[in-house]
Amino acid sequence: MLKIGNIEMKNQVVLAPMAGVCNPAFRLIAKEFGTGLVCAEMVSGKAIVHGNQRTREMLFVDEREKPLSLQIWGGDRESLVEAARIVDKETNADIIDINMGCPVPKVTKCDAGARWLLDPNKIYEMVSAVVEAVEKPVTVKMRIGWDNEHIYVVENALAVERAGGSAVSVHGRTREQLYTGTADWSHIKNVKEAVSIPVIGNGDVSSPEDARRMLDETGCDGVMIGRAALGNPWMLYRTIQYLSSGQLPPDPNAEEKIRVAVLHMDRLIALKNETVAVREMRKHLAWYLKGLKGSARIKDVIMEGTKRDEMVGILENFVEQLKMEGNLESEPVIAGNAS
């Protein structure tokens, strides 16, 4: 099993820290579907230190989500260390993760995120400063390099290990690739062979079979799933089942997808207000509907929705229509205890 510091996971499947997605509403569903470790979306270290109200709300952890990793980012040593102290002492997160892979300019121009990939010495300095300041295990999520000419992933991972980091997650793309092209898993294998701390592989894990292949090809200790779980927590559940038993549970039917989508929306409304939550749920609902026969006709309507009951009505009518047309598989695949 995957173990980070003194935190032991019940399996090798990790939900990636996706910005704008991995709030407590979605993380709790991922946990109920069996995910070994869930990661919160990245939070600015400076915003934590400045006590920004919205930022502090992003540090909320539901006890049912644990074990949970909370990710921070920043290029300024003093504020990053202070933010880590706050996460360490004032939240019930289990692990503090440092972002070293975010490719967006607003982060890299602050000498943060993927910018660190160019300087193993900076990585050592920053990670060791955080490790010294906190009691919780410290991990790093990185990409393989800045671009194809600057791939220092093994040196960078060794710097994390020397600095006292408890694990490293490696996304098999460069900063320049963003989310295009193909993830190069050979670099994950190289990191695993170079360090003794746990290595979590990330990138192009789109199916349970991909997860099995990543573990076999790279020898990594855990598999991080990101975009494949959007609107599809069953991907997490099916991967866990496949890795443990070799059995591949069927995909959920439309009725179960809509049930969990509504649960997700209601949890988001409980966290935020209805107006904000429903607007935010539009993209999630489009993801939940992906692949369902006839869903294109209601996606446009959903993108205009502003009320919870209005959204639920549209979704329930869609399921009823599928039943009438005979396009609803009879048996839903109930996973976890999401309710």
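Read-outs throughout are calculated quantities, based only on the coordinates presented, and are distinct from any laboratory measurement. What you are looking at is a predicted structure, and each value in this text was computed from that prediction instead of being measured. Methodologically, a virtual Cβ is constructed for each residue, glycine included, from the backbone with ideal geometry; neighbour enumeration extends over all protein chains shown.
Show me the trypsin sites (Lys or Arg not before Pro) within segment 69-156 that DSSP assigns to loop and that have at most 13 other Cβ atoms within 10 Å of their Cβ.
Here the trypsin sites (Lys or Arg not before Pro) that fit, given the DSSP loop and packing criteria, are Lys109.
So if I place +1 on the C-beta of Lys and Arg and -1 on the C-beta of Asp and Glu, and nothing else carries charge, what would the dipole magnitude of segment 17-74 be about its Cα centre? I want it in debye, nearest 20.
In total the dipole reaches around 140 debye.
Compute the separation of the alpha-carbon centres of segment 207-244 and segment 150-178 and state it in Å as a whole number.
21
Within segment 123-183, list the chymotrypsin sites (Phe, Trp or Tyr not before Pro) lying in a DSSP loop whose Cβ has at most 15 other Cβ atoms in a 10 Å radius.
Sparse-neighbourhood loop chymotrypsin sites (Phe, Trp or Tyr not before Pro): Tyr179.
Roughly how many whole Å is it from the C-alpha centroid of segment 87-127 to that of segment 1-72?
Between the Cα centres of segment 87-127 and segment 1-72 lies a distance of 15 Å.
Cross-link list Lys257/Lys299; Lys46/Lys106; Lys106/Lys272; Lys10/Lys31; Lys10/Lys141; Lys3/Lys66: which exceed 18 angstrom alpha carbon to alpha carbon?
Result: Lys106/Lys272; Lys10/Lys141 exceed 18 Å.
Can I get the semi-axes of segment 78-172's equivalent ellipsoid? Compute them from the C-alpha gyration tensor as square roots of 5 times the eigenvalues, in angstrom, largest first.
Those come to 22, 14, 11 Å.
Could you work out [θ]222 nm for the chain from helices alone, using -39500 (n - 2.57) per DSSP H run of at least four and dividing by all its residues? Round to the nearest 500 deg cm²/dmol.
Computed ellipticity for the chain at 222 nm equals -13500 deg cm²/dmol.
So how strong a dipole does the chain carry about its Cα centre when Lys and Arg Cβ are +1 and Asp and Glu Cβ are -1, to the nearest 20 debye?
400
Report, to one decimal in Å, the Kirkwood hydrodynamic radius for segment 1-243 based on all distinct Cα pairs.
17.4
Loop only by DSSP, 11 or fewer other Cβ within 10 Å of the Cβ. Give me the GluC sites (Glu not before Pro) in segment 119-194 that pass, ordered by residue number.
The qualifying sites are Glu135, Glu149.
Tell me the Rg and the Dmax, in Å, that the Cα atoms of segment 252-326 produce.
When restricted to Cα atoms, segment 252-326 yields Rg and Dmax of 11.6, 37 Å.
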